[in-house]
Ligand code: FE2
């Protein structure tokens, strides 16, 4: 794999024309040193606090063997405007018992940290992040989804190649993903991979409601083409992903965790697809960078 191009994070998130051109060409933008070591440490500490306050017994039945996929699905489906905890499949034994400490058993925490956790709300609305979004054409942002992706050592699961617009669809496509490395992400601990320029292949699939069911509809039978490259992301790196960019990550088989914070925003000028998995809730509206 050839190395992906990357840049030192610009002051205030003010992108240069070269950075904007790289994003247009590659479909991603890697900004080293976007968050300071102190900021990353604060976000990791907050993550640890959230996990410390989480009682696995409160949701274990949702994930226990025999509970059935429907229970897990419902836990996910209704998490759009909540802060919920999701386990790795490898965290349980065949009898559904949690066999790891919760701190190294969770896959992710989502999906509305940016609105309901004060620490992650602040980082999500940092002026520099808003400036990056504006520099990439997101003029009227709507922050719709966030998650802490924890990728624990040894059992952190892979994420298949996908396009974020499959899950967060607008007409036209407008979603941008902001992926902040809270720890070093490398090929051996499940770091990101992406197909440079792959965002020009069009949307391949949509994951959406069909009545009460969440289904995936193929829009294009042609698989992703192109060779994925690794996007190594040392702590503090921000990776911005175009909504049509094919990207994913391998499993974490190493002995190091690989925590990242991912925030997704769409453009309010585009039409939100009402059959998205993430249901808008008038009682808990989504908001932009200016809150
Ligand atoms: Fe993604």
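Does residue 248 count as modelled with pLDDT of 95 or more, assigned to a strand (DSSP E or B) and more than 22 Å from residue 141 (Cβ to Cβ)?
yes
Regarding region 278-287, can at least one residue be identified that is within 20 Å of residue 76 (Cβ to Cβ), in a loop (DSSP other than H, G, I, E, B) and within 14 Å of the chain's Cα centre (by Cα)?
Within region 278-287, one or more residues are within 20 Å of residue 76 (Cβ to Cβ), in a loop (DSSP other than H, G, I, E, B) and within 14 Å of the chain's Cα centre (by Cα).
Report those strands (runs of 3 or more DSSP E) wholly inside region 137-236 carrying at least 2 residues which are away from the ligand (no atom under 13 Å from the Cβ).
Because the criterion is at least 2 residues that are away from the ligand (no atom under 13 Å from the Cβ), the strands (runs of 3 or more DSSP E) in region 137-236 that meet it are 141-149, 176-181, 205-210, 213-218, 229-231.
Give just the number: which of (1) surrounded by fewer than 20 Cβ atoms within 10 Å (Cβ to Cβ); (2) within 16 Å of the chain's Cα centre (by Cα); (3) under 26 Å from residue 43 (Cα atoms) does residue 144 not satisfy?
Here residue 144 clears every test but (1).
Please indicate, with yes or no, whether at least one residue in region 259-279 is more than 30 Å from residue 44 (Cβ to Cβ), modelled with pLDDT under 95 and away from the ligand (no atom under 16 Å from the Cβ).
So far as region 259-279 goes, yes, one or more of its residues are more than 30 Å from residue 44 (Cβ to Cβ), modelled with pLDDT under 95 and away from the ligand (no atom under 16 Å from the Cβ).
Is at least one residue of region 23-46 at pLDDT below 95, farther than 30 Å from residue 209 by Cβ, touching a strand residue (DSSP E or B) at 6+ places or on another chain (Cβ under 8 Å) and crowded, with 16+ Cβ neighbours inside 10 Å?
no
In region 64-80, how many residues are over 17 Å from the mean Cα position of the chain (by Cα), modelled with pLDDT of 80 or more and surrounded by 14 or more Cβ atoms within 10 Å (Cβ to Cβ)?
The number of residues fulfilling the criteria is 1.
Only one of (1) more than 18 Å from the chain's Cα centre (by Cα); (2) modelled with pLDDT under 95 is not met by residue 255, so which one is it?
Residue 255 satisfies every listed condition except (2).
Being more than 23 Å from residue 263 (Cα to Cα), at pLDDT 85 or above and surrounded by 15 or more Cβ atoms within 10 Å (Cβ to Cβ) narrows it down to one of 108, 102, so name that one.
None of the other options fit; the residue is 102.
Does at least one position in region 88-95 carry a residue that is surrounded by 15 or more Cβ atoms within 10 Å (Cβ to Cβ), at pLDDT 90 or above and within 19 Å of residue 260 (Cα to Cα)?
no
Check region 258-273 and report whether any residue there is surrounded by 14 or more Cβ atoms within 10 Å (Cβ to Cβ), touching a helix residue (DSSP H, G or I) at 6+ places or on another chain (Cβ under 7 Å) and assigned to a loop (DSSP other than H, G, I, E, B).
yes
Among the listed residues 137, 156, identify the single one that is at pLDDT 95 or above and closer than 21 Å to residue 194 by Cβ.
Answer to the selection: 137.
Of everything in region 241-252, what is away from the ligand (no atom under 12 Å from the Cβ) and surrounded by 24 or more Cβ atoms within 10 Å (Cβ to Cβ)? Give them in sequence order.
Once the filter is applied, which keeps residues that are away from the ligand (no atom under 12 Å from the Cβ) and surrounded by 24 or more Cβ atoms within 10 Å (Cβ to Cβ), region 241-252 yields only 252.
The values are calculated or read from the model by the stated rules, or taken from the named source; none is laboratory data. Keep in mind that this is a model prediction, so the values were computed, not measured. Cβ coordinates were reconstructed from backbone atoms using ideal geometry, including for glycine residues, and neighbour counts include every protein chain displayed.
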